[in-house]
1. Limited to the range D:308-354, what total is found for residues that are polar (S, T, N, Q) and touching a Gly at 6+ places or on another chain (Cβ under 7 Å)?
2. From (1) surrounded by fewer than 24 Cβ atoms within 10 Å (Cβ to Cβ); (2) in a helix (DSSP H, G or I); (3) hydroxyl-bearing (Ser, Thr, Tyr), pick out the condition that doesn't hold for D:Ser451.
3. Any residue that is within 14 Å of another protein chain (Cβ to nearest Cβ), over 30 Å from A:Ile22 (Cβ atoms) and outside any loop (DSSP other than H, G, I, E, B) - is there at least one of those in the range D:544-560?
4. Among the residues that make up the range B:1-10, is at least one of them surrounded by fewer than 19 Cβ atoms within 10 Å (Cβ to Cβ), over 25 Å from A:Glu7 (Cβ atoms) and at pLDDT 90 or above?
5. So, in the range C:364-391, exactly how many residues are closer than 29 Å to C:Gln338 by Cβ and hydroxyl-bearing (Ser, Thr, Tyr)?
6. So which helices (runs of 4 or more DSSP H) stay within the range D:363-420 end to end and still have 3 or more residues that are under 19 Å from D:Gly290 (Cβ atoms)?
7. Based on this model, can you work out whether D:Leu101 counts as in a helix (DSSP H, G or I), among the hydrophobic types (A, V, I, L, M, F, W, C), facing chain C (nearest Cβ under 10 Å) and touching a residue at least 24 places away in the same chain (Cβ under 8 Å)?
Amino acid sequence: MTFVPFESGLILAAVLFLLGLIGVLVRRNIIFMLLSTEIMLNASGLAFVTASARWMQPEGQVMFIFILAMAAAEVSVGLALIMQIYHQFKTLDTDTLNNMKG
Amino acid sequence: MLTIFYLSAVVAVVSTMMVITRKEAVHALLYLIVSLLAISIIFFALGAPFIAALEVIIYAGAIMVLFIFVVMMLNLGRESIQQERQLLKPRMWFGPVILTLILIVEFIILFSKIRGQNYHALSISPKVVGVSLFSTYLLGVELSAMLLMAGIVGAYYLGKGKKRIMHRYLANTGSDSKAKGETK
Amino acid sequence: MILAWLIIIMMIGGLLAWLAGKWNVLMCRWIALITLIIDFIIIIAIWVSNPGNIEISQKPEWLIEFTTSWIPQFGIDFHLALDGLNLILVSLTIFLGIISVITSWTEITEHAGFFHFNILWILAGITGVFLSLDLFLFYFFWEVMLIPMYFLIGIWGHENRVYAAFKFLIFTQASGLLMFLSILALYFIHGKATGVYTFDYLQLLGTSLSTSESFILMCGFLIAFLVKLPAVPFHPWLPDAHTEAPTAGSVILAGLLLKTGAYGILRYALPLFPQSAIAVSPYAMVFGAIGILYGAKLAFAQTDFKRLVAYTSVSHMGFILLGTFAGNALALQGVVVQMLAHGISTGALFVIAGSIQERIHTRDMTQMGGLWQEVPGMAGAGLLFSLASLGLPGLGNFVAEFLILAGSYQVSIGLTIFAASGLIASTLYSLMIMQKVFYGKKKKVWNIKDLGVREMIMMGAMIVVIVWLGVFPQTFLNTARSSVNNILQHFTSRNTKVETGSVDKNNLFQKINFINMIDEKRSNSMILTGHEKIILRREH
Amino acid sequence: MLNLLWLIPALPFLGFLLLAVFGGRMNKTGVAFLGVGSVGISALLTILIGIDFISSPPDGYSFNQTLWVWMNIAGFKPGIAFHLDSLSLIFTFAISFVGFLIHIYSAEFMIDDEGYSRFFAYMNLFVALMITLVLADNFLLLYLGWEGVGLCSYLLIGFWYKEPANVYAANKAFIVTRIGDTSMAIGLFLLVLHFNTLDIQNILQSVSTQWVRGSSLAVLTAFLLLGGALGKSAQLPLQTWLPDAMAGPSPVSALIHAATMVTAGVYLIARTHTLFDFAPIAQNAVATIGALTLLIAGFSALTQTDIKKVLAYSTISQIGYMFLALGVGAWALGIFHFMIHAFFKALLFLAAGAVINALHHEHNMFKMGGLRKELPVVYWTFLIASASLAAFPLITAGFYSKDEIIWYSWASNIGSPWLWLISLIGAFITSVYTFRMVFAIFFGEQKTPVSQKPGKRIKITLIVLAALSVLGGFVELPETMGGFAPFTHFLHHTLPAVALRSEESGIELLFQIITAVLTLAGIYLAYQFYFKNVKFTERFKQTGLSKFLFSGCGFDWLYDRAFMYPAIFFARINRNDFIDNIYTFITWLSTALNGMLIKTQTGRIRWYATVITMGAVITLTIVLVS
């Protein structure tokens, strides 16, 4: 049985991560940015799991679980915020939401 | 196994690309679910069945459903797609793509330096993961529990919606404009 | 323990005054005053109980010493000690503290409790700076005195107070940081060399440093002290801070805060890094002399009373810098007297400026004039202290300036002649105060009151001190003698160094002297006693 | 008796303290009693001590009294100590006695002034400090007195401070003398460096044993001290302050700016005669400066119209004579002239004050006239004093003092014909301007009515001083008239006798006759030009030369341009301290940098993310490349 090469796993994680990054950088809609963030989180999780498989250690998977928990929390708060923002500003465009400008 | 890996990798990459290019949020979400499922297969191929299951249940199941709920609650209509079209101009892709291309090249160079070594493709059973979680990383578990708790409370508080949560600066400017309006 | 109590009493008094100020303004004033009077009695008792003429000794000897462990992990002790030099300075601190509380009796009405808290904490900080013998403790107190001062200027100051307060804080903090870096570097160098990591002054005293190390570390200390002094390129914070501060703040700034700089040079910069300090001494003296004239020149150009007095401080501090680095008994004793005399005379001038401002609500001298008729008592006091500031014999400043110049003359003739022209410049600005403020025609019908009993007592006390300084300076010279001699030890080592071969320093002095009549031997003999000198000359 | 020496300065000082603290609450009689009394007792004490000193002289003909050690540092140990010898005794006597008389005079003269107690406080302080100056045992105490009398001079010139011009004059006096004082202070530093003491007797002794005659060190020291003397005694080039100093009340001009303080320079040079002896160049300079000053000041006096300014210039000129005497080594004669000058010049000022008071504060003497009958006492005393000033032969004291100076400027071994000639011309001019003044004030028509006649106290003072101006001369007769000279004899205990060029000792009588004739000629000339034939002088007044002389030979003009304006300009150009701008620039720079950084804070999440990405790219690139 052939095994998944370590490099391929990592490269896949990198590609997914960068796609997520492109999403964050390009999209102005805050929902899409949150989605892209999820992609990035997931990709980093993938890297951990790959590493876990490579060294036959459970730690990588443990890390994935933590990431998962974090993502869940983040999404719940983030989505609540999105709703508030939409209620207040009637837009989801982050470039117009720049009140934190220095 | 390898074939499955590559196949699902292609599916994951393609569907992720679709996610970031869609104009309608629901479409993007559905593509993301596809991507997540593909990744879950990859996890399986990597010998992490427990994680694969979690990926399907929590990510593709719970979190994405949350997204869909929100998108539905926001009730974004036609005009939002129209607006999305305006926001998403082709030239905006240029810079990020260049940056990421540089990054991917660099990553590939980095990873290619790692010479593949043989290893046993034994799957790590959920039991091992569980033992590790609740012995070595117990503190982490507790912390993430608290994080989730905080997330729930935060989401509840933000979602109450009765009182407008405003930064005091915004509140001031808001009341100013209100006052101006009244004087008119 | 009595030394620690000196500081603790003031700190507790400050807190009590703050609390008391919440319900009764008068009570907080009395608390502050009584606190300081208690301290004053303590310090005078210490002074009286120690015979004035302390024998000359080779090692530093302390009248009273107090050590207790503070942060032993880092080798930080709560180490206080009293010798002649800081005995004089602490007495001055408490004396001027009393003056500043009295002078703000009617001036400060808002937040009086917090005001007195600040005053007492500044004084506590200054006392700590003077007394501490642990470098970390020293730095701690150095910072303690800055923050309340910042509040004092920023809250109760005049129209441009916030700017002045920030300027003061940034200048002193930035320079203090350099000093702190130097302290740390010294700490680690000493620790590495000996294995004992300590901030104790007496142990760090003998640290052997390479020339460049010693030079850089000394610069850190020296810059902090020169900013505080202030020496000329570092002085711009002073006129603003002095002008904008309330009267009490100006008195404390001019009378005490500046002295911490001078004290720092005498206590730390010179003994810790004798070779480097001696290497820079010609330059320091040049800057001192420039400061004398430049300060006087700027003072002469001012129209704001307090600003003028502020610039005179720059000028007088130039004398201190000149004398400190002249490095002989005459000059150093002169420096001690100058610290006292300047504290009193400038403090008194600020009090006068403050009480004029309280009465006619301006500091602009072009709007004053003819005040003698209205307030003869104040004018008399103003006259006396202007004369003190121009160095009239019989008043303290003269003794100081004469000794400093006579001392520096033995090191560099040209520089001293240059600096002595500051005597003429000081005449210009001092007479200008009299001319513009008290003499001349009345510009308005002022209808103001002369000094009240409270102010009379205050002025009277200051007059007594400044005249005492001028007529019986020996009281203070005796007290300071052993400390001065200790400092002189470090200069003595210079002379042996010079004789063994370093020629360039002599060359430098020769460049400065345009009438160089000191032959080499004599310049080396400058700290010899008169008797030895005569022998030397005869041999010659 | 001698142990009471310290009381002589202490009593007036006590008077000052009491007047300064309680003066405002005392009535005028009390003030006068205290002010005059303290100086009076002091004068009495001086006379008693003087008699005691002469009748039973202490060892070495000098007496030392140390009150306490002023400061004691590394062997440098000046004390508050007094030294009484013949020189300081004469000065103390002149100061306290003339001072006492002037105090009596002022008690009446200043009676209407609101600053009565202030005036007496200052005057008492002055007497105390002046006595301290002359009695000082060391240079530091001398310097204390020196600066102190300068201060009193400043305070009294600016006594009527409401007039800005007076304050200006006071400032000028203080600043100009302070320039000299600074030079003196530097001289003191030099002495400290070389002897580690400031004790005058010690230093003079060390100078004579250790220094080489004519060495550059001696010359430099002498010149530095001379600088102080020039400032205080209003000699070239620091003489400009004295004419302006006449802004003070007349008794002040009499006491400070004629009789005592301005002769402090003479005292200093006489006191340090050994040093000047060791520095022949400096001593020559003293003579030359004296000669030039007496000439220039004499010419300036010739054109003045303000009665007090005439007297001021004549004072400068007479001090020039004293300097000349010192410069040619006739030490004792310089002191003699000082004493006589103190009598007659004080008298002149006091009489002038009486005249001015009588004529509603009229200072211009050409608006006076014909006062001979109105104010007979003033007239006669003024005439006696003028005669003394002009050295009217045989009967006036001024003749005996001045004539010998003129003689010695020729006959001394360091004298010269040039000095003699100048001093002779000076004598001639003196008699011209003096009698010009007398004629203008007391003769001719009366132009201003007399409002107030002098009272008893003023008259007594004038008469006593007039008597002294005549009789004072007979304690010192020249060789040609018997050589009865107890004064010089007394002084020679302290000061060396003048050394003559041996071959010329026989012709003294001839010289005296020349001088006397010239003096009389001067009086006649004054009578001709200023009394009988006024037209000529009127025409002369229009000339540029007259204006030049009137302005004091343009020194003020020159100094204004050379020092005053540059100083004021220099003060103005950098009023706000350019160094501050350096720090302001630093502030500006950091604000600007801050502004640039603020620009990066757009508030757009995508921008931040982009920057983070760029950071990642850069970091990774660095990792890869390195």
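The values are calculated or read from the model by the stated rules, or taken from the named source; none is laboratory data. Just so you know, these numbers come straight off a predicted model, no measurement behind them. We place every Cβ from the backbone using ideal geometry, glycine too, and count neighbours over all the protein chains shown.
1. So the count comes out to 1.
2. If we test D:Ser451 against (1) surrounded by fewer than 24 Cβ atoms within 10 Å (Cβ to Cβ); (2) in a helix (DSSP H, G or I); (3) hydroxyl-bearing (Ser, Thr, Tyr), just (2) comes out false.
3. yes
4. No, because not a single residue in the range B:1-10 is surrounded by fewer than 19 Cβ atoms within 10 Å (Cβ to Cβ), over 25 Å from A:Glu7 (Cβ atoms) and at pLDDT 90 or above.
5. Of the residues in that region, 2 qualify.
6. Ranges flagged: D:397-411.
7. no
Every residue, every condition in (1) within 14 Å of chain D (Cβ to nearest Cβ); (2) in contact with a Ser or Thr (Cβ under 7 Å, 6 or more places away or on another chain); (3) of a type outside the set (Lys, Arg); (4) crowded, with 18+ Cβ neighbours inside 10 Å, yes or no:
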site: A:Val4; (1), (2), (3), (4): no, no, yes, yes
site: A:Leu18; (1), (2), (3), (4): yes, yes, yes, yes
site: A:Arg27; (1), (2), (3), (4): yes, yes, no, yes
site: A:Phe66; (1), (2), (3), (4): no, yes, yes, yes
site: A:Leu79; (1), (2), (3), (4): no, no, yes, yes
site: A:Tyr86; (1), (2), (3), (4): no, no, yes, yes
